[in-house]
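Scroll down for the structure; my scribbles are underneath it.
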Amino acid sequence: MSRSERLLRLMQVLRRYRQPVSAESLAEELGVSVRSIYRDVQTLRSQGASIEGEAGVGYLLRPGFLLPPLMFSDEELEALVLGLRLVSEHGDGGLGRACVDVVAKLRAVLPRDLHSLVDDVSLLAGPARERPPDGVDLALVRRSIREQCKASIRYLDPRGVQSTRTVWPLGLAFFERARVVISWCETRQDFRNFRTDRITSWAPLTERIGRPRATLLREWRAREAIPEPRPG
């Protein structure tokens with residue numbers, strides 16, 4: 001069992017107790033030494049866990065503590081780092097810079113003995129294929145999606161004919177050969193997908209979209225026969 005997994009299990013065990021539990025009992029349940037329990041309790045306290053008590057008295061986890069995001073198993077860390085590498089390679093520039101920041105923050109809060117796990121993950125993201133450059137800053141698109149606000153766009157169809165649309169941006173899909181804004185188009189009164197390399201301008205509006213974004217996305221998925229994402 002890795003140390004990160006042991007810390008996670010210790011937190012889970014402590015949550016079950018309403019009265020102080022001895023280090024000996026914790027050590028027996030986790031299959032480790034009492035000295036390891038002492039060290040692990042100190043590590044959890046340094047990460048913000050409100051654990052009362054001391055050696056010879058027992059330990060009690062006070063309610064209200066949320067498990068910090070650093071508590072990952074080895075495989076969870078590998079999945080996280082691989083996901084960040086994929087986003088860095090295939091996402092837009094803003095998301096790529098965010099990935100670098102996330103890795104730095106992750107290393108800052110992880111116990112020192114887990115730093116090498118982040119640095120040495122041997123799961124690699126393949127290079128992105130060439131795709132047409134985006135016509136607009138995708139940070140603006142993502143902000144409109146988050147804020148659930150309409151946008152006015154100018155768009156070139158495959159024949160090069162330009163039109164102006166008011167859209168309700170619902171999602172941003174990243175494909176190997178193109179990026180697509182999933183939207184409800186007020187002009188067409190229907191769902192439309194707009195390739196980002198054909199959007200020539202994006203003007204965020206203050207008016208909010210007419211219906212909840214999550215509801216519209218479910219309707220779009222149902223019509224396109226796209227399964228709902230797995231929980232998590």
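Summary table below
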read-out	value
Net lengthening on full extension, L156/E176 (0.36 nm per residue, minus Cα-Cα)	5.1 nm
Extension gain, R35 back to R218 (0.36 nm per residue minus Cα-Cα distance, nm)	60.7 nm
Normalised convex hull volume, the chain, alpha-carbon set, Å³ per residue	164
Carbon and sulfur %, accessible surface of the chain computed with the full protein complex present, 1.4 Å	51
Local electrostatic count, V103, Cβ distance below 10 Å [Lys/Arg +1, Asp/Glu -1]	+1
Distance from region 189-204 to region 86-110 (C-alpha centre basis), Å	27
Mean residue ellipticity (222 nm) of the chain, computed from DSSP H runs ≥ 4 via -39,500 (n - 2.57), nearest 500	-13000 deg cm²/dmol
The chain - accessible surface per residue (Å², probe 1.4 Å)	58
Angle between the chain longest axis and helix 138-147 axis [Cα atoms, degrees, rounded to 10]	70
Peptide ranges 131-140, 192-201 listed from the most packed, as the mean C-beta count within 10 angstrom indicates	192-201, 131-140
On Cα atoms only, tilt of 93-109 relative to the major axis of the chain in degrees	10
With Cα atoms, 0 to 90° folded angle of helix 34-46 axis to the chain main axis	40
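The values are calculated or read from the model by the stated rules, or taken from the named source; none is laboratory data. These numbers were taken from a predicted model, which means no experiment stands behind them. Positions of Cβ are backbone-derived with ideal geometry, glycine not excepted, and every protein chain shown enters the neighbour counts. All accessible areas refer to the heavy atoms of the entire protein, side chains included, with ligands and DNA or RNA removed. Shrake-Rupley method; radii C 1.70, N 1.55, O 1.52, S 1.80 Å.
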